[in-house]
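In what follows, a single structure is set out as structure tokens and then discussed.
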Amino acid sequence: MLLTPMRYKGYAWPHNPRVYSIDYRRTMAVNKTPFGGYQLQDLGAAHRVMEGEGEFVGTGAYGEFQRLASVFYDQGPGLLVHPLWQAANTYFVSLRVEQIPRPDYVRYSFAFWEENGLTSGLAVRQTDSGAESGGTPAAGSAGSQAVYHRVGKGETLWALAGRYGLSLAELVALNPQIKNPNLIRVGEEVRVR
């Protein structure tokens with residue numbers, strides 16, 4: 001199976017990290033009841049934590065790590081597109097060098113935290129390159145991933161453009177099926193990548 005590279009904001013990994021984990025969390029409360037009993041109360045799902053580790057190898061490995069570190073310093077959330085996980089709007093919360101970096105080898109680990117409430121409408125689908133945007137597939141292309149957002153109550157194209165780091169014109173260009181940019185409906189899928 002050919003996996004596409006992991007991407008975050010403007011950075012695409014030259015090869016996918018070696019190890020991944022995803023931690024789904026649920027917040028629970030314990031309430032004592034009379035006579036020594038207790039009752040569990042489900043307070044709902046908490047943020048997901050997506051962690052991994054990998055290495056950059058070869059000439060310029062440390063330079064590649066420095067490019068990843070510059071993305072870490074770019075503040076605010078961004079869209080994390082992983083070849084297997086559901087796409088998620090996340091914060092890049094940690095990046096760690098696991099050993100003394102050398103010019104030809106850097107081992108690192110990372111963590112992303114999901115931004116609450118912004119991923120429920122995201123879906124990633126494998127598409128023929130260009131087919132979703134009205135183009136024709138490039139010769140020999142194996143396809144690409146398209147990321148869609150399912151519109152929720154009160155959302156606008158302008159707000160979605162800002163959330164996913166696009167201009168309104170770029171978002172409209174990705175969605176030729178939308179005839180009136182001032183009118184999108186709850187449940188409609190809007191392509192955001």
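The values are calculated or read from the model by the stated rules, or taken from the named source; none is laboratory data. On a predicted model such as this, the values are computed, not experimentally measured, just so you know. Glycine gets a Cβ as well: all are built from the backbone with ideal geometry, and neighbour counts include every protein chain shown. With ligands, DNA and RNA removed, areas are computed over all heavy atoms of the protein, side chains included. Shrake-Rupley method; radii C 1.70, N 1.55, O 1.52, S 1.80 Å.
Here are the numbers for this structure:
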{"item": "Check on PRO77, within 23 Å of VAL192 (Cβ to Cβ) and either in contact (Cβ under 8 Å) with a residue 40 or more places away in the chain or exposed (fewer than 14 other Cβ atoms within 10 Å of the Cβ) (or both)", "result": "yes"}
{"item": "Residue that is farthest from GLN145 (Cα to Cα) [pool: residues in region 80-115 that are open to solvent by 10 Å² or more (accessible area, probe 1.4 Å), assigned to a strand (DSSP E or B) and of a type in the set (A, V, I, L, M)]", "result": "VAL97"}
{"item": "Members of region 92-117 that are closer than 22 Å to HIS15 by Cβ and modelled with pLDDT under 90", "result": "GLU98, GLN99, ILE100, PRO101, ARG102, PRO103"}
{"item": "Test: GLN41 is among the polar types (S, T, N, Q) and either at pLDDT 90 or above or assigned to a strand (DSSP E or B) (or both)", "result": "yes"}
{"item": "Any hit, region 10-33, residues being free of Cβ contacts under 8 Å to residues at least 60 places away in the same chain, of a type outside the set (S, T, N, Q), open to solvent by less than 30 Å² (accessible area, probe 1.4 Å) and on the phi > 0 side of the Ramachandran plot", "result": "no"}
{"item": "Test for GLY143: is it open to solvent by less than 30 Å² (accessible area, probe 1.4 Å), modelled with pLDDT under 85 and not acidic (Asp, Glu)", "result": "yes"}
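So that you can scan it fast, the table gives a plain yes or no per residue for (1) modelled with pLDDT of 85 or more; (2) under 22 Å from VAL192 (Cβ atoms):
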position: THR4; (1), (2): no, yes
position: SER21; (1), (2): yes, no
position: MET28; (1), (2): no, no
position: ASN31; (1), (2): yes, no
position: GLY37; (1), (2): yes, no
position: GLU51; (1), (2): yes, no
position: GLY54; (1), (2): yes, no
position: VAL71; (1), (2): yes, yes
